[in-house]
Each structure stands twice: as structure tokens, then as C-alpha cells.
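*Asks:* One structure is given below, represented as C-alpha cells, and several questions about it will come after.
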Amino acid sequence: MNLMLFGAPGAGKGTQAKYLIEKFNIPQISTGDMLRAAITNGTAMGMEAKSYMDAGKLVPDSTIIGIIKERLGQADCKKGFILDGFPRTLAQAEALEELMKNMGISLDKVISLNVPDELIVGRITGRRVCSKCGASFHVEFNPSKVADICDYCGGELIIRKDDNAETVKSRLEAYHAQTAPLIAYYTDMGVMVELDGTKDVNEVTQDMFALLK
Ligand code: ADP
Ligand code: AMP
């Protein structure tokens, strides 16, 4: 199954991706996680991306399309995948379509998690992420079982550098200007399904599983 989780920053894509991985045993492909790994590893690509990420701006399409091309070509993607945070621009969506066409595969569903901007700031400022596996928690809405420790891998939970009130504003602007137009793109393609992302984490998961039956 080839899936895409779509939505504003902080809508819950990474959180729901973990449940899809468990249920369908397919990998999560998060461009945000891949960029953060490149920064940690000190690669040239990571260094270039960092300034955009810290400012809450989108990283250039050519960089993103390059890393996705490489990732989708890896063996574990043959049984399917969950795209998370990609594509974010029309150029990325068109590049993905071309890439999938060449691979002889197509998207089964794009799942949009709908959350209004007013709720996003609180979600992002309370987010804690695992420094090892990238899993996402929230101090109030989705706390880890043991404070500051990841439920999935035991890694340490940290605050992302771009998870602050100032950056959220630019990230939401980028989302509305550059990413939200993809809702019409995938609706026209006939693969778009929309979910109320304001419900509790577990309810969103149940709704998502129901529409994947
Ligand atoms: P995204 O991957 O879309 O940027 P995350 O999955 O990291 O978003 O979620 C952003 C924050 O909101 C995290 O702190 C997460 O724990 C929390 N969160 C996710 N889903 C919900 C939900 N349904 N209700 C409340 N908080 C949520
Ligand atoms: P995320 O982890 O999805 O919230 O992404 C964090 C940051 O990484 C974003 O604010 C962008 O700067 C960058 N990023 C992640 N994915 C993309 C993408 N598909 N296109 C452009 N920039 C991206």
C-alpha cells in the first residue's frame, strides 16, 4: 500500500505514521526526519537545509526531490510506504508522479489530517520528539509513558529547534501558500480522503484505519 499523510505542520502526520507502520509493516518516509538526520551527520546537504528549516521555510525542491528519489529506490519500499511531509509543493508532487510512473506504481490514498491553525501553535510548542527514532509526543495531549523517554525505543525526548512560536508562523504561511494547493491536486486525482485531525490521537487512528479497510 502506497500512502501519503498530508496536513499542516503539527497536524499529527508523524504520530499517525507510527500506527500505520505497525499495522501495515511499511516504512515511513519523512523528509523532515531525513533532513534532520543529514544535519546530525553534518553532510553538505544537511548544512544547506538547516538555514531554511531554522527559518521555517521550505528547503529547495531540487534537494528534496533528490533525497526522495534515492529513498523510494531502496528495497524496503517495494512493499509500500507512508509519505510524511512530502510533497509540499506542486513541483514536488509532479516529480513524485513522474517517479512513481517510472517505477510502475501509484498512490493508493492521500490522507489529509485537518486541523485549524489556532490549534497548531499549542501542538508544536508542546511537541517532544525522540532524538533516536523521531517519534513524536506532546507534553499534554500525548505524553510518553515515562517523562522525556521515548515509548518506542527508549531514546531521549528533545524539543526541535524549529518548534517555537515564531517559526510556527512562517511554517504555517509556507503551508498555506505552497502546500495547501495540493489538496485540489490530489482531489482531482481521486485519491484524497479527509479526516478530522482535531479528535484525540486514538480516535484519529481509528478513523484512519476505518477508511483503509
Ligand atoms: P506532524 O508530523 O504533522 O508535524 P506530529 O505528529 O509531530 O505532527 O504532531 C504534532 C504535535 O501534536 C505532537 O506534539 C503530537 O504529540 C501532537 N498530536 C498529534 N496528534 C494529536 C491529536 N490528535 N490531538 C492532540 N495532539 C496531537
Ligand atoms: P517536518 O519535520 O515535516 O515538520 O519538516 C521540518 C522542516 O523541514 C520544514 O519546515 C522544512 O524546512 C523542511 N522540509 C521537510 N520536508 C520538506 C519538503 N517536502 N519540502 C521542503 N522542505 C521540507
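The values are calculated or read from the model by the stated rules, or taken from the named source; none is laboratory data. Keep in mind that what you see is a predicted model, and the values were worked out from it rather than measured. Neighbour counts run over all protein chains shown; Cβ positions are idealised from the backbone, glycine included. To get the accessible areas, we keep the full protein, side chains included, count just its heavy atoms, and leave off ligands, DNA and RNA. Shrake-Rupley method; radii C 1.70, N 1.55, O 1.52, S 1.80 Å.
*Asks:* Percent relative contact order of the chain, based on C-alpha pairs within less than 8 angstrom and at least six residues apart?
*Replies:* Value for the chain: 29 percent.
*Asks:* Which of 116, 27, 87 moves the most in a Gaussian network model of the chain with Cα springs under 10 Å?
*Replies:* 116
*Asks:* On the principal axes of its Cα set, how long, how wide and how thick is segment 98-168? Give whole Å, largest value first.
*Replies:* 45, 32, 20 Å, listed from the longest principal axis down.
*Asks:* Follow-up question, since we're still on this one. Bin all alpha-carbon pair distances of segment 55-176 at 5 Å intervals from 0 and give each bin's fraction as a whole percent.
*Replies:* Histogramming segment 55-176 at 5 Å steps yields 2, 9, 15, 17, 18, 18, 14, 6, 1, 0 percent.
*Asks:* What are the ³J(HN,Hα) values, in whole Hz, obtained from phi via the Karplus relation 6.51 cos²θ - 1.76 cosθ + 1.60 with θ = phi - 60°, for each residue of segment 122-128 in sequence order, with x given for Gly and Pro?
*Replies:* Once rounded to whole Hz, the list reads x, 5, 6, 6, x, 6, 10.
*Asks:* If you don't mind, there's one more thing I want to ask. Just to be sure I understand the curve: with the Debye formula and one point per C-alpha of the chain, what is log10 I(q)/I(0) at q = 0.07, 0.10, 0.18 Å⁻¹?
*Replies:* After summing over all Cα pairs, the log10 values are -0.19, -0.40, -1.56.
*Asks:* Could you point to the residue in 90, 19, 8 farthest towards the positive end of the chain's charge dipole, with +1 and -1 charges on the Cβ of Lys/Arg and Asp/Glu respectively?
*Replies:* Towards the positive end, the residue furthest out is 19.
*Asks:* Continuing with the same structure: For segment 1-107, what's the relative contact order in percent, using C-alpha pairs closer than 8 Å and at least 6 residues apart?
*Replies:* On the way: 109 pairs, mean separation 44.9, N = 107.
Computed value for segment 1-107: 42 percent relative contact order.
*Asks:* Per-residue ellipticity at 222 nm for the chain, helices alone: DSSP H runs ≥ 4 residues times -39500 (n - 2.57), over residue total, nearest 500 deg cm²/dmol?
*Replies:* My calculation for the chain gives -13500 deg cm²/dmol from helical runs alone.
*Asks:* Continuing with this model, one more query. Could you tell me the center-to-center distance, by alpha carbons, between segment 7-72 and segment 94-144 in angstrom?
*Replies:* Segment 7-72 and segment 94-144 have Cα centres spaced 10 Å from each other.
*Asks:* Measure off, as a whole percent, the carbon and sulfur share of the 1.4 Å-probe accessible area of the chain, all protein chains present.
*Replies:* Ligands and nucleic acids excluded, carbon and sulfur reach 53 percent.
*Asks:* Counting only DSSP beta bridges with both residues in segment 74-196, what percent are antiparallel, rounded to the nearest 5?
*Replies:* 60
*Asks:* May I ask you to list the chymotrypsin sites (Phe, Trp or Tyr not before Pro) in segment 118-187 that are in a DSSP loop and have at most 16 other Cβ atoms within 10 Å of their Cβ?
*Replies:* Passing both the DSSP loop test and the Cβ count: 141, 152.
*Asks:* Can I ask one more? With the other protein chains left in place, how much accessible area per residue, in square angstrom, belongs to the chain at a 1.4 angstrom probe?
*Replies:* Heavy-atom SASA per residue in the chain reads 49 Å².
*Asks:* Then there's this: Using the 2.2 N^0.38 Å rule of thumb for compact globular proteins, work out how segment 131-213 stacks up: its C-alpha Rg over that value, please.
*Replies:* Output field value: 1.38.
*Asks:* Follow-up. Report, for the chain, the % of DSSP beta bridges that are antiparallel, rounded to 5. Please report the intermediate quantities before stating the final value.
*Replies:* Values: 7 of 23 bridges.
Counting DSSP beta bridges with both partners in the chain, the antiparallel share is about 30 percent.
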